[in-house]
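Data block below; observations after.
The values are calculated or read from the model by the stated rules, or taken from the named source; none is laboratory data. The model shown is predicted, which means the values in this text are computed figures rather than measured ones. Glycine gets a Cβ as well: all are built from the backbone with ideal geometry, and neighbour counts include every protein chain shown. These accessible areas exclude ligands, DNA and RNA; they are computed on the full protein's heavy atoms, side chains included. Shrake-Rupley method; radii C 1.70, N 1.55, O 1.52, S 1.80 Å.
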Amino acid sequence: MTLTDFQFVANLIRDRSGLVLSEEKAYLLESRLMPLTRKAGMKSLDELVAVVRAKRDDGIVKDIVEAMTTNESLFFRDTKPFQQLRDIVFPKLTKSRASSRKIRIWCAACSSGQEPYSIAMTIKEAGALYSGWNFEIVATDLSTVMLDKAKSGMFSQFEVQRGLPITLLVKYFNQDGDKWKISSELISMVRFSPFNLLSNPAALGEFDIVFCRNVLIYFDRDTKARVLDGIGSIMPDDGVLYLGGAETVLGLTEIFRPVSDQRGMYQLTRGAGMRMSA
């Protein structure tokens, strides 16, 4: 692939998804797009790019963006966020929402569903503690391929071995040949929907908790700030945001601030009087 073609495709992907690809990532672009090229019956990436340049075929462009934005996921990734949910966030939010008995959670860029299902298991493991409560989990992703996989609730042996305790595997999954199917009860707890983080999230409604982990690292500074500001606009004063371990709000926005002694957790500055630490 020529440098000109790389820049053309990289710009296309950035405009559609926010993902920034440097020239050092040319190998990644080529490896991700070669299967798509073969699937389309084309002989080379040059031919694929030529078709996109000439026709701007929305179907092919969508496939290119999905191929580049499909990211790896695993159950209970990093562990700590789910412990914080159980021990700090849920207890505090259930006190402040005792009248409505409702908590809304958004998993942005949910990939193949491990994160929202991990949240669902965290809720179920609380047993009768939240009986009568309505926990609404909305999981979104740009990739419809990933969303279809997530909705199916079907995972390979390799996937369930990554981060999922054996006790939860036995409790919430049923083996189906060489794969594992998550229980219909957990599937019903999550609503999957396509959403581009470059869009205005207002249509999704207000969320008490937002997981937007390991996504911002792929965006440029302005896009990171824009996404964070959008998230902040749909959260209540005591809402909680989770970012990945390599991500931060510092230097990007004044809307959020880190929660003291709780890595990866952020709260709105307009709710700064509320203490979330254990």
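What single numbered condition from (1) open to solvent by 40 Å² or more (accessible area, probe 1.4 Å); (2) in a loop (DSSP other than H, G, I, E, B) fails to hold for V145?
Failed condition: (2).
Test of understanding: among G113, G132, G177, which residue is in contact (Cβ under 8 Å) with a residue 24 or more places away in the chain and more than 25 Å from S100 (Cβ to Cβ)?
Numbers: G132 fails: more than 25 Å from S100 (Cβ to Cβ); G177 fails: in contact (Cβ under 8 Å) with a residue 24 or more places away in the chain.
Only one candidate qualifies: G113.
Kindly indicate which of R191, R213, R221 is of a type in the set (K, R) and within 15 Å of D15 (Cα to Cα).
Working: R191 fails: within 15 Å of D15 (Cα to Cα); R213 fails: within 15 Å of D15 (Cα to Cα).
The unique qualifying residue is R221.
When both residues are 6+ apart or on different chains and their Cβ atoms are under 6 Å apart, which pairs have a first residue that lies in the stretch 21-50 and is of a type in the set (S, T, N, Q), and a second that is open to solvent by less than 70 Å² (accessible area, probe 1.4 Å)?
T37/L45; T37/L48
Counting just the residues of the stretch 195-220 that are in contact with a Leu (Cβ under 7 Å, 6 or more places away or on another chain) and assigned to a helix (DSSP H, G or I), which one comes out least open to solvent (accessible area, probe 1.4 Å)?
L216
Scan the stretch 252-270 for residues that are free of Cβ contacts under 8 Å to residues at least 40 places away in the same chain and within 18 Å of S233 (Cα to Cα) and jot them down. Before the answer, list the steps.
As a first pass, look at the stretch 252-270 and keep what is free of Cβ contacts under 8 Å to residues at least 40 places away in the same chain: 252-261, 266-270.
The answer is L252, T253, E254, I255, F256, R257, P258, Y266, Q267, L268, T269, R270.
Considering (1) under 15 Å from G18 (Cβ atoms); (2) open to solvent by 30 Å² or more (accessible area, probe 1.4 Å); (3) of a type in the set (G, A, S), say which one G230 fails and leave the rest.
Single failed check for G230: (2).
Is there a residue being of a type outside the set (F, W, Y) and not in a helix (DSSP H, G or I) anywhere in the stretch 80-96? Spell out the reasoning first.
Within the stretch 80-96, the first condition is being of a type outside the set (F, W, Y), and the residues that meet it are 80-81, 83-89, 91-96.
Next cut, not in a helix (DSSP H, G or I) only: none.
No, the stretch 80-96 contains no residue that is of a type outside the set (F, W, Y) and not in a helix (DSSP H, G or I).
Go through (1) modelled with pLDDT of 95 or more; (2) under 23 Å from F207 (Cβ atoms); (3) over 21 Å from the mean Cα position of the chain (by Cα) and name the single condition S131 misses.
It is condition (1) that S131 fails.
On the basis of being closer than 24 Å to A108 by Cα, basic (K, R) and out of contact with any strand residue (DSSP E or B) (no Cβ under 6 Å at 6 or more places or on another chain), does R53 make the cut? Spell out the reasoning first.
Working: closer than 24 Å to A108 by Cα: no; basic (K, R): yes; out of contact with any strand residue (DSSP E or B) (no Cβ under 6 Å at 6 or more places or on another chain): yes.
No; evaluated as a whole, the condition is false for this residue.
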